[in-house]
Amino acid sequence: MAGVLASIAALVAMIGCFVVLIRWLIARRAAAFGHHGLPEHRSSRQLWAGCLLPLANVFWAPVYVIELAVVEDHYQRLRRPIVVWWITWAVSNAVSLFAIATSFAGDAQGIANNTVMTVVAYALAAAAVAAAGRVFEGFERKPVERPAHRWLVVRPDGPPRNPPRQLPVQLSCKGKNRQHNGHDLGRRGDRRAPVCGCPPRRVRCSTGTHAGRVRPGAQGGADGVECDVRLTRDGHLVCVHDRRLDRTSTGVGLVSTMTLAELRELEYGAWHESWRPDGTHGDTSLLTLDALVALVLDWNRPVKIFIETKHPVRYGSLVENKVLALLHRFGIAAPASADRSRAVVMSFSAAAVWRIRRVAPLLPTVLLGRTGRYLASSAATAVGATAVGPSLPALKDYPQLVDRAAAQGRAVYCWNVDEYDDVEFCREVGVAWMATHHPARTKAWLQQGRAGQAGG
């Protein structure tokens, strides 16, 4: 009985792995072929069939991967891992077929032979999965050489931001890299002086967003409001950072298992030291994305809204579909150009970024990441991200990312830049956007930096 359960578990795991990798392959091929202006000559149905059909996938799955490697100009580097995977995959299939054939034996020797072959088949299957993982990592973690020079940068007047347990207000500052033509996540820098044109700043509502915190951020000079969105059980987008409610509200459980009405019964500000029972702390009730977009669009100046979709989640791509539907309803899903867009969509999930780019190609997108080397790889190119977003520690560990991104026509958005020294660091390496929890303080630093540059 234990052997049967183990076999079923292995089969389920294999199918799940297949589905994830095939979806990645299809999305990546579409992005790669589109990036190079080439037609994708294989339909999604053909790719699914070639990868899932037994025996046929022994030949076609590696062929599809090789085609992708050739288009992305990675084949010379990935040839050996692909060949190793292909051979292991073929041998694994052959041994599995032999194990199935010997499973019908009734004599003691036949049963013993089948047991041995089954163990070998499992071992080879594990080796094939490991080899496939190395191929996948080869695409996602492309090594890059360190540049021999540092580009001069127009100092971006940037705000500090680090979201320890501050109420969720974040701001971002944008500057220009000499090689970036003054473009940012969809906004042009001021061409009058070599400083960040419009005092860029962006307010971010990170953990349970409240309208009472958004207004002070915008009044503090923020150029944009950022929020994390999740989908409720009844299909509403709410601005909640955590998957669970325990840390940032008076409730418990998962956001995805509760309805909007149930979530609205909770308090979302009591966890913070500034909260007051008499309500003087402002409105800390749940904020929906619908209400936040309306608030931002009604502001007396053109503030952008930065929307981060959280993954992995139980509703998968439905989150991006809902976000796009909402932006369409407000008339901001199809801007005349990326520069004029009022919305920016961000995610740590490359698949989520690709879903947005595929349906709304003019919407600016940011691929977020916790390591600079990952963001400097081909991942952003594969999904068509218009910017990359490292954390401050990741950027400090790999400051060459700014050069790499600028060379590919992408801005760099750095999050959690709350201290003055960190703002100075981001200016020096050429960060285009910084995000902070302290809009007013950061704006003062920006103005001081601008005045110092003018005086120098």
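The rows are residues; the columns are (1) surrounded by fewer than 24 Cβ atoms within 10 Å (Cβ to Cβ); (2) modelled with pLDDT under 85.
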| site | (1), (2) |
| --- | --- |
| Pro390 | no, no |
| Pro393 | yes, no |
| Ala407 | yes, no |
| Ala411 | no, no |
| Glu419 | yes, no |
| His437 | no, yes |
| Arg441 | yes, yes |
| Leu446 | no, yes |
| Gly449 | yes, yes |
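For Asp107, the criteria (1) within 33 Å of the chain's Cα centre (by Cα); (2) charged (D, E, K, R); (3) loosely packed, with under 13 Cβ neighbours inside 10 Å hold in every case but one, which is (1).
Might you check whether a residue that is farther than 16 Å from Arg28 by Cα and modelled with pLDDT of 85 or more occurs anywhere in the range 62-78?
Scanning the range 62-78, I find no residue that is farther than 16 Å from Arg28 by Cα and modelled with pLDDT of 85 or more, so the answer is no.
Yes or no: Leu21 in a helix (DSSP H, G or I) and surrounded by 16 or more Cβ atoms within 10 Å (Cβ to Cβ)? For Leu21, the condition - in a helix (DSSP H, G or I) and surrounded by 16 or more Cβ atoms within 10 Å (Cβ to Cβ) - is met.
For Gly16, state whether it is at pLDDT below 80, farther than 30 Å from Val119 by Cβ and not hydrophobic (A, V, I, L, M, F, W, C).
no
Taking strands (runs of 3 or more DSSP E) as the structural unit, those lying wholly within the range 305-394 and holding at least 1 residues that are more than 11 Å from the chain's Cα centre (by Cα), assigned by TED's automatic domain parsing to the domain that holds Met258 and more than 25 Å from Met258 (Cβ to Cβ) correspond to 343-347. Scanning the range 261-276 for any residue that is closer than 30 Å to Val429 by Cβ, modelled with pLDDT under 70 and either among the small types (Gly, Ala, Ser) or in a helix (DSSP H, G or I) (or both) turns up nothing. Looking across the range 334-374 at every residue that is surrounded by fewer than 20 Cβ atoms within 10 Å (Cβ to Cβ) and among the aliphatic types (A, V, I, L, M), the one that is nearest to Ala435 (Cα to Cα) is identified as Ala338.
Kindly evaluate Val255 against the criterion of being in the same structural domain as Ser349 (by TED's automatic domain parsing) and touching a helix residue (DSSP H, G or I) at 6+ places or on another chain (Cβ under 6 Å). No.
The values are calculated or read from the model by the stated rules, or taken from the named source; none is laboratory data. For clarity, every value in this text was computed on a predicted model and none was experimentally measured. Neighbour counts are summed over all protein chains in view; Cβ atoms, including those assigned to glycine, are modelled from backbone coordinates with ideal geometry.
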